[in-house]
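Have a look at the structure below before the remarks.
What follows draws every value from the coordinates through simple rules; no lab data is involved. Here the structure is a predicted model, which is why all the values come from computation and not from measurement. So basically every Cβ, Gly included, is an ideal-geometry build from the backbone, and we count neighbours across all protein chains shown.
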Amino acid sequence: MSCIFCRIAAGEIPSQKLHEDELVFAIRDIRPQAPVHILVIPKVHIASLWELEDEALAGRLVSVAARLARQEKLEQGWRLIANTREHAGQEVPHLHLHVLGGKKLGRMLPG
């Protein structure tokens, strides 16, 4: 098992989990792009959002992200990102959502 997120889920790599239940866990990003940068990750290996078909898991990922945003007091706003595959900048081939906040975030796309 070489997937870093699978190894974290299995307890092979120690981490400080902000959340963990039977389906997902959440950790702080080791290279934060905002004052708050949390990753919400399914325990089962799914390569990207492209492959996700489990609606219950999809709902859990989003509801945990929202709960963590409230826990981190991001009432001014926050961003939820799922980079999907190479062209979108996905670096780890295991589905994960980024929760970003804690400052005013710039536009993502030219407008």
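Using square roots of five times the C-alpha gyration tensor eigenvalues, list the equivalent-ellipsoid semi-axes of the chain in whole Å, biggest first.
Output for the chain: semi-axes of 21, 17, 14 Å.
Here the Karplus curve 6.51 cos²θ - 1.76 cosθ + 1.60, taken at θ = phi - 60°, turns the phi angles of the stretch 65-71 into couplings of 4, 5, 4, 5, 4, 5, 4 Hz, with x standing for Gly and Pro. Per-residue ellipticity at 222 nm from helix content only, as computed over the chain with -39500 (n - 2.57) for each DSSP H run of at least four residues, stands at -6500 deg cm²/dmol.
Per-residue Karplus couplings for the stretch 25-37, computed as 6.51 cos²θ - 1.76 cosθ + 1.60 with θ equal to phi - 60°, are listed in order as 9, 9, 9, 6, 5, 6, 10, x, 9, 7, x, 10, 9 Hz, Gly and Pro entered as x. Within straight cross-link reach of LYS17, meaning Cα distance under 19 Å, which aspartates and glutamates are found once same-chain residues fewer than 8 apart are removed? Those aspartates and glutamates meeting the cut-off are ASP29, GLU72. Loop-located GluC sites (Glu not before Pro) in the stretch 49-107 (DSSP state not H, G, I, E or B) with no more than 11 neighbouring Cβ atoms inside 10 Å: GLU53, GLU75, GLU91. In the stretch 1-87, which trypsin sites (Lys or Arg not before Pro) are in a loop and have at most 11 other Cβ atoms within 10 Å, using DSSP for the loop call? Passing both the DSSP loop test and the Cβ count: LYS73. Note that the stretch 39-53 has calculated 3J(HN,Hα) couplings of 9, 10, 10, x, 6, 7, 6, 10, 4, 6, 4, 4, 8, 6, 10 Hz, one per residue in order, obtained from phi through the Karplus relation 6.51 cos²θ - 1.76 cosθ + 1.60 (θ = phi - 60°); glycine and proline are x.
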